[in-house]
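Computed from the coordinates by the stated procedures, all read-outs in this text should not be read as laboratory data. Model, not experiment: these values are computed from the prediction. Here the Cβ positions follow ideal geometry from the backbone for every residue, glycine too, while neighbour counts run over all protein chains shown.
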Amino acid sequence: MPKECTAVVRQESHTSLVALFLAQAARFKEKPFLWSKRGGVYRPWSWASVHDQVAALANALIDHGLKPGDRVVLASENRPDWTIADLAILAAGGIPTPAYATNTEADHLHILDNVEAAMAIVSTPLARRFLPAAARARRTPLVVLMDPADDVPRPAHVPVESWNALLAQGEGREVPSTAHRIRANDLAVIIHTSGTGGAPKGVMLSHRAILHNCMGAHDLLATIGLSHEIFLSFLPLSHSYEHTTGLFFPICLGAEVYFAEGVETLSANMLEARPTIMTAVPRLYEMMRARLLRQIEKEDGFKSKLFYQAVELGSRRLQDPAGLSWRERITDGALDYLVRRKVSQRFGGRLKAMVSGGGPLSPEVGLFFRALGVPVLQGYGLTEAAPVVSCNLPCRVKIGSVGPALKDVEVRIGLDGELLVRGPLVMDGYWNDPDATAHALDGEGWLHTGDVGEIDADGDIRITDRKKDIIVNSGGDNISPQRVEGILSLEPEIGQVVVFGDRMPHLVALIVPDREFLLRWSRETGRSDDLSLAANDPVLRLALARAVDRANARLSPIERVRRFALLPEPPSIDNAQMTPTMKARRHIIRETYGDLIDSLYNASVAA
C-alpha cells in the first residue's frame, strides 16, 4: 500500500482524541480500520463505518440523558464495539471508565460507586456479573447491552437498553456538537489501577496526556520507517497500556487494528494478521520463549545446533559488536537465513517492533529474542503517566534498560532512589481521592512512580525494583524479588514463581511447575499430572529442586531460595492472584498461602 495511505496527525493539530479520530476517518473513509473474526474469518470495519456508528451511539446516549462530565463504565472484551463505545462516550461529552472483562461483581460495584456512573455499556457475556453490581450501586446506571441477552437475568429496577436499538435511534445523524467542544485538558478516561497492592484507584487522564504519549511513541518509532502499519491487539483495552498504544496510537498513525481472539490463539492470529507493531507483557515473552525451546527439543540434532548457535552468536554480537571473529560474522550472517528468518515467520514475517511493557522484562529473555532477530523493545510506564514514560530506541537498544524518556518528559532520581516523572503525560490525580493524589504528585508536579531506578550518562533508565516490593531481610540486605523470580522462571521446569522473605533470614518461594514439563514428567514417571495432587509428590518436588539449584547458582548468597513449596493451583486472573496484565498480586498470594509460607520457615528452624 502506498505511503500516502498513512497520515500521522500531530498533537498540535487537534485538541482531543475525538478530533484526532474524526480527522483520520475523514481522510481514510472506506479503508479498513478495525478487523475482527466473523464466521471464523477476519473481516474489516471501515473508518467510515466506525465513524457513523460513533455518531449514532453518541447522539443516542445524549437522548437517554447523558450529560457532559457524566461517567460511563465500559465493560467488554476487546472487539470493535469497544472502540466505538469509547469514542461515542467521549463524543457525547461523557468520561469513559473502563472495567476489566475479568472483574468480579465486587470489582464492578467498586468502580460504579467510585465514579457514580450514570450509564454503562456492557458486553452481554459479562452481564451476569455486571447487572447484579448495577442493582446494588448507590446510583443506578442505565445499562446498554452490546448483544442479545434474553437468557440474562435482569434486576427489575435497573434500566436496560440494547446496543442495536441505540444505534438505530441515532442512525444518520451528525457527530453531536459536544464532540467539538472538548479541550485538551478535559478528562479523556478514568482508568482504575489493576490493584497489585490494594483497592484499585481511578486514574484521571486528560486528552492532553494521551495525545502526548501518542506523539512521543511516534517520534520514538520514526526510525523504523512508519508507513502502513498493522497492529494486533490482545492486551485488555481496559488497561492504560493497550488503551493508548493499541487504540489511540494506531488512530494517530492511521493504522489498521486486528483484534486477537485470545492468548491461546495468538500464534495463529499473528500468522493471519501479520502485524508490523505489537505490544506485549513480559509474561507473554516468557511463554513464547519456553514454547520455542520446547519445539527445538523435538528437532533433529542439526537444526537444534543451528538454533542455539544463532542465539549464542546473536547474543555476543549484541553485547559486543566487535567481539566476533570474521568466521563467526560469516556464520552469524548465514544464520539470518537459516534460523532467524524462520523465527520471524512465526510472528507473521513483517514485525518492525514488539514493545514489552506492563512490568520488567528479564534481560535474558529480551536478549534471547533479539539474538533471534525479533525486534523487542522494552518500555516503561505506569497508568498515572498515560502510561508510557520511556522506551528503547530501535537504533540503540540497551538490554536491561527501558531506554530514554519520551520527548518533553522530565525524569530524575529522588534521594531515596525513586524515579520521578514530570510532563504533559502525568495524570490529573486519582478520582475522588485527594489524599492518594497528594501522595503521588508533589507540589512541583513530579509524579512519584514507586519504582526504584537509575539513569545513565546517555539518559537511559534502568528500573531495579518496586519501592514497596523490595525485600529487606533480617540482616538488613535489600533484595529484588523481581530479579530472583526472573532468573528462576528461566528454568524450563518452572512455570510461575513468587518469592518472599521480608524481615526473614532468607528467601522462600511458591512455585507452579511448567504445564508442558508436568505433562511430560507424568508420562515418564506414571504419576499424576493433576497439580492439586502432584504438588505434594516428593518425586516432582525433587525434579523442581534441581531446577531451583541451577537458578541459585546464578544468584548471590542472599538472593538464593532456601526452601520452596509447590502450589496446588496456579495464580491466575480468575482466582484474583494475577492482574489482567499477568503480574502477581503478591499481597493476595501472601494472604492465601500465609500458613504455607510460614511452614517453610518453621521447617528451616526445625532443620
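Across segment 471-606, Cα pairs under 8 Å and at least six residues apart give a relative contact order of 24 percent.
Take the Cα of Leu555, step 7 Å toward its Cβ, do the same at Arg396, and the gap between the two points is 3.5 nm. As a proxy for reagent exposure, Phe302, Phe234 were ordered by neighbouring Cβ count within 10 angstrom, fewest first; the result is Phe302, Phe234.
In the chain, the longest principal axis of the Cα atoms and the axis of helix 326-335 are about 50 degrees apart.
For Ser572 and Leu533, calculate 0.36 nm times their separation in residues minus their Cα-Cα distance, and state this gained length in nm to one decimal.
Values: separation 39, 0.36 × 39 = 14.04 nm, distance 1.85 nm.
Stretched fully, the Ser572-Leu533 segment lengthens by 12.2 nm.
Axis angle, to the nearest 10 degrees, between helix 538-552 and the longest C-alpha principal axis of the chain: 90 degrees. Based on every Cα atom in segment 1-132, Rg and the maximum pairwise Cα distance Dmax equal 16.2, 51 Å. Ordered by the number of other Cβ atoms lying within 10 Å of each residue's own Cβ, fewest first, His506, His192, His439 fall into the sequence His439, His506, His192.
Across segment 238-243, rounded Karplus estimates of 3J(HN,Hα) from the backbone phi angles (6.51 cos²θ - 1.76 cosθ + 1.60, θ = phi - 60°) give 6, 8, 4, 4, 6, 4 Hz, Gly and Pro being marked x. Packing, as the average of other Cβ atoms within 10 Å across residues, places the peptides 581-589, 153-161 in the order 581-589, 153-161, highest first. Taken one residue at a time, the phi angles of segment 343-351 give Karplus couplings (6.51, -1.76, 1.60, θ = phi - 60°) of 5, 4, 5, 5, 9, x, x, 9, 5 Hz. Gly and Pro are set to x.
Potential lengthening of the chain between Arg128 and Asn185 amounts to 16.9 nm, from the contour at 0.36 nm per residue minus the alpha-carbon distance.
Electrostatic tally near Tyr430: other residues with Cβ closer than 12 Å to its Cβ, Lys and Arg +1, Asp and Glu -1, net -3.
Return the FRET efficiency for the residue pair Ser46, Met287: r is the Cβ-Cβ distance, R0 is 41 Å, and the value is rounded to the nearest 0.05. Don't jump to the answer; show the numbers that get you there.
Numbers: r = 34 Å, r/R0 = 0.83.
Efficiency, rounded to the nearest 0.05: 0.75.
Other residues whose C-beta falls under 12 angstrom from the C-beta of Met288 contribute a net charge of +4, scoring Lys and Arg +1 and Asp and Glu -1. Model label sites at Ala26 and Ser474, defined 7 Å from Cα along the beta-carbon direction, differ in position by 7.0 nm.
When the convex hull of its Cα atoms is viewed from all sides, segment 154-220 shows a mean projected area of 8.9 nm². Neighbour counts of other Cβ atoms within 10 Å put Val389, Val452, Val73, Val472 in the fewest-to-most order Val472, Val452, Val73, Val389.
Packing here is the average count of other Cβ atoms within 10 Å per residue, and on that basis the peptides 331-337, 235-241, 428-434, highest first, run 235-241, 428-434, 331-337. Whole-Hz Karplus values for segment 336-342 come out as 4, 7, 6, 10, 5, 5, 5 Hz, taken residue by residue from phi with 6.51 cos²θ - 1.76 cosθ + 1.60 and θ = phi - 60°; glycine and proline positions read x.
Name the shape class, rounded, prolate or oblate, that the alpha-carbon gyration tensor gives for segment 281-466, where a ≥ b ≥ c are the square roots of its eigenvalues, rounded holds for a/c under 1.5, and otherwise prolate holds if a/b is larger than b/c and oblate otherwise. Provide the component values of the computation, followed by the final result.
Numbers: a/c = 3.02, a/b = 2.24, b/c = 1.35.
Prolate is the answer for segment 281-466, as a/c is 1.5 or above and a/b outweighs b/c.
Applying 1/(1 + (r/R0)^6) with r as the Cβ-Cβ distance of Glu299 and Arg412 and R0 = 60 angstrom yields a FRET efficiency of 0.75.
Can you figure out the FRET efficiency of Arg462 with Arg173, using R₀ = 45 Å and their beta-carbon distance, to the nearest 0.05?
Details: r = 52 Å, r/R0 = 1.15.
Plugging the Cβ-Cβ distance into 1/(1 + (r/R0)^6) gives 0.30.
Rounded to whole Å, the principal axis extents of the Cα atoms in segment 471-606 read 45, 32, 28, largest first.
Which entries of Lys303/Lys352; Lys303/Lys583; Lys29/Lys342; Lys29/Lys352 show an alpha-carbon separation above 28 angstrom in the structure shown? Beyond 28 Å: Lys303/Lys583; Lys29/Lys342.
Close amide H partners of His192, meaning residues 5 or more places away or on another chain with modelled amide H under 5 Å apart, are Val203. Helix 105-115 and the longest principal axis of the Cα set of the chain meet at an angle near 50°.
Based on Cα contacts under 8 Å between residues 6+ apart, the chain shows a relative contact order of 11 percent.
Restricting things to Cα coordinates, could you compute the convex hull volume per residue of the chain in Å³? Intermediate results must be reported in sequence, preceding the final value.
Values: hull volume 106.2 nm³, N = 607.
In the chain, the Cα hull volume divided by residue count equals 175 Å³.
Between segment 299-377 and segment 409-484, the C-alpha centres lie 33 angstrom from each other. Taking Lys and Arg as +1 and Asp and Glu as -1, the other residues whose beta-carbon sits under 11 Å from that of Gln169 total -2.
Test of understanding: what is the full-extension gain from Arg327 to Arg274, defined as 0.36 nm times their sequence separation minus their Cα-Cα distance?
The Arg327-Arg274 span can extend by a further 15.7 nm.
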